[in-house]
1. Of Gly53, Gly39, Gly46, which residue is of a type outside the set (A, V, I, L, M) and either under 12 Å from Ser99 (Cα atoms) or open to solvent by less than 10 Å² (accessible area, probe 1.4 Å) (or both)?
2. Quick one: is Ala109 of a type in the set (A, V, I, L, M), surrounded by fewer than 20 Cβ atoms within 10 Å (Cβ to Cβ) and within 25 Å of Leu36 (Cβ to Cβ)?
3. Just give me the residues in region 163-183 being within 13 Å of the ligand (Cβ to nearest atom) and either open to solvent by 20 Å² or more (accessible area, probe 1.4 Å) or within 18 Å of Phe211 (Cβ to Cβ) (or both), in sequence order.
4. Filter region 222-244 for residues that are open to solvent by less than 40 Å² (accessible area, probe 1.4 Å) and either more than 15 Å from the ligand (Cβ to nearest atom) or not in a helix (DSSP H, G or I) (or both) and give the result.
5. Consider region 245-270. How many of its residues are outside any helix (DSSP H, G or I) and touching a residue at least 12 places away in the same chain (Cβ under 8 Å)?
6. Considering region 245-264 alone, what residues qualify as being open to solvent by 30 Å² or more (accessible area, probe 1.4 Å) and closer than 18 Å to Pro174 by Cα?
7. Could you go through region 114-126 and let me know if any residue there is within 16 Å of the chain's Cα centre (by Cα) and open to solvent by 10 Å² or more (accessible area, probe 1.4 Å).
Amino acid sequence: MTTLVMGVVNVTPDSFSDGGRWFTPGAAVAHGMSLLEQGADILDVGGESTRPGADRPIREEELHRVIPVIRELSRAGARVSVDTMRASVAAQALEAGASIVNDVSGGLADPEMARVVAATGVPFVVMHWRGHSDTMQGHAFYDNVVPDVCRALSERVGDLCDRGVGQDQLIVDPGFGFAKLAEHNWSLLAHLDALQSLGLPVLVGTSRKAFLGAIGVPKGGAPRPPAERDAATAATTVIAALAGVWGVRVHDVASSIDALHVVAAVEAVR
Ligand code: PMM
């Protein structure tokens, strides 16, 4: 099975990784097209920054950011996912051409989300989440992060299925950086097999996250800025692909595609 590459199109002024760069619809569409040319299988369009401490845009602002971009990219033939925690944004995004819903709250932030996903039958990314960005790092406590995250995701899956969502619609994501310290992120990356054993497709979103900026830096040194974390991200793509995950969500598509070519070349001669 080949790991899919989901390219990130953040239509936000304040994302930690690329805030403001693709904030106009034209710039966001051009960026999405360039990710497609680099080989992205899916474009993940989001209008809300989820960096720790971020404020939420109001619903109308989120719609204004994402809908024109989703419409254009879908028209151009892209497979688009909408990165939203709001059911009404998801519903309008699906009407505009999106075909996957990526909800970092796994349906917890908006009780209507399960109904929209069940009614439309689209793939739904259920991420491990413990609260909105303004408070999430206060919830980064685990007895044992890998089983704790696996258990929480199974509970979400059970709850969503009880509300009419098909199990075959679900993709699970451990939520790197969401209510997680660096040590939690490393443990989850080291034990992707545990997530795989939930029996559902797994999405890995490590791209440019803070734990990658901190490695290889002398003690007490400043972390590498997000734009200099793509080589480390590609290394995590290799780890994810070797674990057999369904997909990786990345900002720099080209380097992860290269990384996947390396994995495929090695697998081909095993
Ligand atoms: N991370 C971010 C946003 N959306 N969605 C999923 N499924 N998994 C993630 O890890 C994830 C996500 C935050 O990163 P960004 O601000 O660079 O988009």
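1. Working: Gly53 fails: either under 12 Å from Ser99 (Cα atoms) or open to solvent by less than 10 Å² (accessible area, probe 1.4 Å) (or both); Gly39 fails: either under 12 Å from Ser99 (Cα atoms) or open to solvent by less than 10 Å² (accessible area, probe 1.4 Å) (or both).
Answer to the selection: Gly46.
2. Values: of a type in the set (A, V, I, L, M): yes; surrounded by fewer than 20 Cβ atoms within 10 Å (Cβ to Cβ): yes; within 25 Å of Leu36 (Cβ to Cβ): no.
No; evaluated as a whole, the condition is false for this residue.
3. Looking only at region 163-183, we keep the residues that are within 13 Å of the ligand (Cβ to nearest atom), and these are 170-180.
Correct list: Asp173, Pro174, Gly175, Phe176, Gly177, Phe178, Ala179, Lys180.
4. Taking region 222-244 first, the residues open to solvent by less than 40 Å² (accessible area, probe 1.4 Å) are 226, 229-230, 232-234, 236-237, 240-241, 243-244.
Within region 222-244, Arg229, Ala234, Ala241, Ala243, Gly244 meet the criteria.
5. Within region 245-270, the subset outside any helix (DSSP H, G or I) is 245-252, 269-270.
Add one more test, that the residue is touching a residue at least 12 places away in the same chain (Cβ under 8 Å), and what stays is 245-252.
Looking only at that region, the number is 8.
6. Once the filter is applied, which keeps residues that are open to solvent by 30 Å² or more (accessible area, probe 1.4 Å) and closer than 18 Å to Pro174 by Cα, region 245-264 yields Trp246, Arg249.
7. Applying the first criterion (within 16 Å of the chain's Cα centre (by Cα)) to region 114-126 yields 123-126.
Adding the requirement that they be open to solvent by 10 Å² or more (accessible area, probe 1.4 Å) leaves 123.
Yes, region 114-126 contains at least one residue that is within 16 Å of the chain's Cα centre (by Cα) and open to solvent by 10 Å² or more (accessible area, probe 1.4 Å).
Yes/no per residue for (1) crowded, with 22+ Cβ neighbours inside 10 Å; (2) in a loop (DSSP other than H, G, I, E, B); (3) modelled with pLDDT under 95; (4) within 15 Å of the ligand (Cβ to nearest atom):
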residue	(1), (2), (3), (4)
Val149	yes, no, no, yes
Gly158	no, no, no, no
Cys161	no, no, no, no
Leu189	no, no, no, yes
Gly199	no, yes, no, no
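The values are calculated or read from the model by the stated rules, or taken from the named source; none is laboratory data. Here the structure is a predicted model, which means the values were calculated and not measured. Note that we place each Cβ from the backbone using ideal geometry, even for glycine, and neighbour counts take in every protein chain shown. Side chains included, ligands, DNA and RNA excluded: accessible areas come from the protein's heavy atoms. Shrake-Rupley method; radii C 1.70, N 1.55, O 1.52, S 1.80 Å.
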